[in-house]
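Read through the structure below, which is laid out as structure tokens, and then see the notes.
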Amino acid sequence: MQPNTLTDQSGMGPPPRYHASRCAAGSDGLTGCRLCVEACPYGAISPLAMPNGTMLHIDPGLCQRCGACTGLCPTSALERSFLPDGELYGQIGGRSAAEAVLILTCPQSRGLVEAIADGLSVSTLLVPSLLILNETHMLHALRCGAAGVALVGCPQCHYGSPALLETALQVGRTLSGDAARLAYIEDDGSVRSKLALTNFVIAHLSARQQPAGQALTIPSQHETRRAILASQLDGEDTPTESVELRGVPFATVTVEEVGCTLCGGCSRVCPTGALDYDAAGGRLTFHPVECINCSLCAQACPEAVLTLNPGLRPGQNFLERRTLVADEAVPCRRCGQPFIPKRLLEHVRATLSLAAGPLTAAAQQIDVCGSCRSVQPQISPNSDAAAQPVENNNCHCGLGKVSLSCASSGGSLKNRRGFLQAAGASLAGSIAGLFGSTETALAEPSSEGPPKRLGMVIDLDRCIGCHACTAACKAENHVPLGVFRDWVEEHVLGAYPHARPYFLPKLCNQCTDPGCLRACPTGAIFMRSDGIVDINHDICIGCRACNQACPYGATFMDPVRGTADKCNFCAHRVDQELRPACVDICPTQCRIFGDLNDAASPVSQYLREKPGQVLRKELGLGPNVQYVALPEELNR
């Protein structure tokens, strides 16, 4: 038996690191994956509804650092503070190539392994807890040369339930093509346990395998799980028959093609890129190995024609992206380039025909692609936040053309996973959306001066984090539970004894060049003559294009109405010459509202005394909400 220097590192170190951008817990009021919440032996993990989606909260007082959540998380959103996956895969690969049988065990069952190891060709890897393991670790060992893999653990796991390993074993046995090569040996202290482990080792001593392929180099924990699965299924042992397994983080998506409008709403909430939507190509595709059975897509489908079939069904096409729905792409009336599926265009027209109120100019040009539409600047040329007018350079990338779009995006819109990972410049290309831009409905400038440009300045030195603005906004605009038009983030910057709390109010930035407006296929999102970006709920089809296109996370789906919603500066109050509810209620008057194009307005006067800055100015969207005393760490 090879020596192992690894000791039990669980202890009481830091709890698992949480990567919110990878998490599939939920978005836009939808309830997604809950594997870690349900499986945590100590109830230390709980979901929190946040304005821009569901996040997980790990209670450091309850968490015992067993790593169970990190072993079963299908997206690697939870990362252990001890024995990270990169190191674990390296040790598994090294030991698997050296001996015929690999035994994975914990400190409590180490004695059983040592008792049978003398004289047998085995390699042992001691891990703090077997609960950190999943099918990818077992499959990795087989690919690196191990003839068999045995997990040895006690029946009463001190971290909770060893039954959590059963799902991983089921998946590993199915994908390995030989169920006998993987085993769980229960260490109950009896002779029977010793005999079972001895028999397993002896049965595989004569079946030493050559490595099925080169040991994988794991670029990051985020990509580990699916990379291992794809590599295993790409070999000669790939199962040819479809085997259904319940209770595993896999599923197959089916769509009723007749009812699908190809709006792409399902792909926009998919956290892994299993669903991919190409508006210009008129195609919705699905990659089975990427699906984690979070059910977000089924909940997001406006037509309720998408069905999620839980279970693992490998078969011949498990690694192939398949087409779910395809349709003819309609060419732009001006340039002739395809830009929208025919059935979606027909659905949009039908929705517009049922609209009760007047349509915007954007809604009347739904058959024109983003490259051929223009957006007029609504701000003063002297403003620092001024966005440059868009030039029609005959770009035919299938996206809308905005001030930083086509060139910086590389001409293609990334899938949902790519969108979440792109933290900087690539987002400027994504905001153009999937359908092309819509023309902004603007009033012609009068001869008396520039048009109104309503905006707000928020002085963070005055904000005390009382959340009165959030409560007033909900009451004034009848915002349902779980979603927000206006919210306040709480941050602590610096380290003791110089740490300082910061409160950062968030709301729609009422951009001059709004990505949500450009992405909307119906023209439901429009710009008023005073610069307010508003939504006509009568013609919103719930496709969620605006949700993905907004880099600030300010748009959301109203769970009651089923349409998009966001802050509109309380437009109904503005029309009565009143201030937004959040401005009126603020006890410290940290919010100042007015016309940014009027030098005499309160907001313009305030900015002359205290210069403000906008969030993520590099995106070139021209936000009309500015912040005073904004720390650089919070400019995101």
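The values are calculated or read from the model by the stated rules, or taken from the named source; none is laboratory data. Since the model is a prediction, treat every value here as computed from it, not as a measurement. Neighbour counts run over all protein chains shown; Cβ positions are idealised from the backbone, glycine included. Quick note on the areas: whole protein, heavy atoms, side chains included, nothing else; ligands and nucleic acids left out. Shrake-Rupley method; radii C 1.70, N 1.55, O 1.52, S 1.80 Å.
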Is it the case, given these coordinates, that LEU104 is closer than 13 Å to CYS154 by Cα, open to solvent by 10 Å² or more (accessible area, probe 1.4 Å) and in contact with a strand residue (DSSP E or B) (Cβ under 6 Å, 6 or more places away or on another chain)? no
Which of the following residues is modelled with pLDDT under 90, touching a helix residue (DSSP H, G or I) at 6+ places or on another chain (Cβ under 6 Å) and of a type outside the set (Ser, Thr, Tyr): ASP118, ASP187, ASP178? ASP187
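Please enumerate the residues belonging to the stretch 596-636 that are part of a helix (DSSP H, G or I) and either open to solvent by less than 40 Å² (accessible area, probe 1.4 Å) or within 22 Å of ARG500 (Cα to Cα) (or both).
Taking the stretch 596-636 as the starting set, the residues that turn out to be part of a helix (DSSP H, G or I) are 602-609, 617-619, 632-634.
Correct list: VAL603, SER604, TYR606, LEU607, LEU619, GLU632, GLU633, LEU634.
Only strands (runs of 3 or more DSSP E) wholly contained in the stretch 306-346 count here; list those with 2 or more residues that are not hydrophobic (A, V, I, L, M, F, W, C).
Numbers: elements: 306-310, 322-326, 329-331, 338-341.
In the stretch 306-346, the matching strands (runs of 3 or more DSSP E) lie at 306-310, 322-326, 338-341.
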Would you please name the residue that is surrounded by the most Cβ atoms within 10 Å (Cβ to Cβ), looking only at residues in the stretch 492-508 that are touching a Lys or Arg at 6+ places or on another chain (Cβ under 9 Å) and touching a residue at least 24 places away in the same chain (Cβ under 8 Å)? LEU507
Residue that is nearest to SER601 (Cα to Cα) [pool: residues in the stretch 560-569 that are open to solvent by less than 10 Å² (accessible area, probe 1.4 Å) and either in a helix (DSSP H, G or I) or touching a residue at least 60 places away in the same chain (Cβ under 8 Å) (or both)]: PHE569
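Which residue is farthest from VAL574 (Cα to Cα), if the candidates are limited to the stretch 531-540 and must be outside any strand (DSSP E or B) and open to solvent by less than 20 Å² (accessible area, probe 1.4 Å)? Spell out how you get there, then give the answer.
Here is the first cut: in the stretch 531-540, the residues outside any strand (DSSP E or B) are 531-532, 536-540.
Now restrict to residues that are open to solvent by less than 20 Å² (accessible area, probe 1.4 Å): 531-532, 539.
On the way: GLY531: 12, ILE532: 10, ILE539: 23 Å.
Once the filter is applied, the top-ranked residue is ILE539.
Identify, from the list GLY43, GLY29, the residue that is out of contact with any strand residue (DSSP E or B) (no Cβ under 9 Å at 6 or more places or on another chain) and either closer than 18 Å to ILE132 by Cβ or open to solvent by 20 Å² or more (accessible area, probe 1.4 Å) (or both).
The match here is GLY43.
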Residues within the stretch 305-347 that are in contact with a strand residue (DSSP E or B) (Cβ under 8 Å, 6 or more places away or on another chain) and either closer than 20 Å to LEU262 by Cα or open to solvent by 40 Å² or more (accessible area, probe 1.4 Å) (or both), tallied: 26
Filter the stretch 516-543 down to the residues that are at pLDDT below 90 and among the small types (Gly, Ala, Ser), then identify the one that is nearest to GLU618 (Cα to Cα). ALA519
Residue, surrounded by the most Cβ atoms within 10 Å (Cβ to Cβ), within the stretch 121-145, restricted to residues that are outside any helix (DSSP H, G or I), at pLDDT below 90 and of a type in the set (A, V, I, L, M, F, W, C): VAL122
Which residue, of ARG544, ARG528, ARG573, is open to solvent by 10 Å² or more (accessible area, probe 1.4 Å), at positive phi and not acidic (Asp, Glu)? ARG544
With respect to ILE525, is the statement that it is touching a helix residue (DSSP H, G or I) at 6+ places or on another chain (Cβ under 6 Å) and under 23 Å from GLY455 (Cα atoms) true? yes
When the residues of the stretch 268-285 are filtered to those that are crowded, with 24+ Cβ neighbours inside 10 Å and not in a loop (DSSP other than H, G, I, E, B), which remaining residue is nearest to the chain's Cα centre (by Cα)? VAL269
Pairs needed: first member in the stretch 116-129, over 18 Å from ALA97 (Cβ atoms); second member anywhere, open to solvent by 10 Å² or more (accessible area, probe 1.4 Å) and among the aromatic types (Phe, Trp, Tyr); C-beta distance under 6 Å; at least 6 residues apart or different chains. SER129/TYR159
Among the residues listed as VAL149, VAL201, the single one being more than 30 Å from LEU62 (Cα to Cα) and either open to solvent by 10 Å² or more (accessible area, probe 1.4 Å) or modelled with pLDDT under 90 (or both): VAL201
Hey, among the residues in the stretch 349-362 that are under 33 Å from the mean Cα position of the chain (by Cα) and under 13 Å from ASP534 (Cβ atoms), which one's modelled with the lowest pLDDT? ALA362
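Can you pull out every residue in the stretch 73-116 that is assigned to a loop (DSSP other than H, G, I, E, B), over 30 Å from PRO271 (Cα atoms) and of a type in the set (D, E, K, R)?
GLU99
Residue-by-condition table, conditions (1) β-branched (Val, Ile, Thr); (2) farther than 22 Å from LEU481 by Cα; (3) touching a Cys at 6+ places or on another chain (Cβ under 9 Å):
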site: PRO559; (1), (2), (3): no, no, no
site: ARG579; (1), (2), (3): no, yes, yes
site: CYS586; (1), (2), (3): no, no, yes
site: ASP595; (1), (2), (3): no, yes, no
site: TYR606; (1), (2), (3): no, yes, no
site: ARG616; (1), (2), (3): no, yes, no
If you take the residues of the stretch 91-101 that are of a type outside the set (Gly, Ala, Ser) and open to solvent by less than 10 Å² (accessible area, probe 1.4 Å), which of them is nearest to HIS204 (Cα to Cα)? VAL101
Do you know which residues across the stretch 60-115 are modelled with pLDDT under 90 and of a type in the set (Ser, Thr, Tyr)? THR75, SER76, SER81, TYR89, SER96, SER109
